[in-house]
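Each reported figure results from applying straightforward, stated rules to the coordinates on display, with no laboratory input. These numbers come from a predicted model, not from an experiment. Neighbour counts run over all protein chains shown; Cβ positions are idealised from the backbone, glycine included.
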Ligand SMILES: Nc1ncnc2c1ncn2[C@@H]1O[C@H](COP(=O)(O)OP(=O)(O)OP(=O)(O)O)[C@@H](O)[C@H]1O
Ligand SMILES: [Mg+2]
């Protein structure tokens, strides 16, 4: 089972749009996929038409008093399951702070389902705190969307440093998000990061179909499979597959 997260220090950068679509693409390819909505806003649950709310609450789950499989729901996408969001996620940081090994909380919850899924996608709330630490410790790759402005790119360094400081092996793959090629600044940033290994080759364009996801409650790669954004998201998934396979080979070597 491979684990990827969509995470960033910043809010509103496209984490959820990317997480939901990547999970759908993987499921369409036949991978048994689990999307875990870790954000109390519940945007990815909403996009997949699953009501938020966990029986007993997220505090019990993250406090280690429940098993994850009790909360798994099927979605209308074949092969894609979801752990919905819950209001209790608003106090995730304090729940984790009470645990002895907060950084192991997500890995521990995922471990019993590792035979049930090929891929887990974690949709994270913004911020770099205890939850991010626990997510990164459980992850093979962290996808971090960045709106193309020079300041946002500086923010990427924070995420990379945070991952390094936690001492985990997760790779960080930045992806430019909401790119508007009509803007000079966006084109300049695209040029500046071209060829950088820590950036995905593809960038997710500013797109009507992605923006409509919340309204139509339909992942954009299903609603508009021929759009430029869907092609970019499929390209992003292909790049991730290569990273995940490389990771497997190096695990095998070591
Ligand atoms: N490629 C895109 N084109 C147009 N709009 C987009 C795109 N990606 C995201 N959006 C819109 O931007 C807003 C934020 O996107 P999204 O919810 O995916 O970001 P987020 O990083 O998960 O936000 P939060 O930090 O609040 O969880 C949403 O209204 C979404 O529809
Ligand atoms: Mg989100």
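Things to note:
- In the chain, the longest principal axis of the Cα atoms and the axis of helix 228-253 are about 60 degrees apart.
- Shape category assigned to segment 44-84 from the gyration tensor of Cα positions, a/c cut at 1.5: prolate
- FRET efficiency for residue 72 and residue 151, using Cβ-Cβ distance with R0 set to 45 Å, rounded to 0.05: 0.70
- Counted over segment 2-253 with a bin width of 5 Å, the fraction of Cα pairs per bin, in whole percents, is 1, 6, 14, 19, 21, 17, 12, 6, 2, 0, 0.
- DSSP beta bridges fully contained in segment 2-253 are about 5 percent antiparallel.
- The distance between label points at residue 212 and residue 188 comes to 3.4 nm (points 7 Å beyond Cα on the Cα→Cβ vector).
- If you take the Cα centroid of segment 22-63 and the Cα centroid of segment 120-172, the two points sit 19 Å apart.
- Computed from Cα positions, the angle between helix 150-166 and the longest principal axis of the chain comes to roughly 30 degrees.
- Estimated FRET transfer efficiency when R0 is 25 angstrom, pair residue 249-residue 196 (beta carbons, to 0.05): 0.65
- Look at where the Cα atoms of segment 73-119 and of segment 184-254 average out, and the two centres are 24 Å apart.
- Modelled this way, with points 7 Å down the Cα-to-C-beta line, the labels at residue 241 and residue 100 are 4.2 nm from one another.
- 0 to 90° range, to nearest 10: angle between helix 184-193 axis and the chain longest Cα axis: 70
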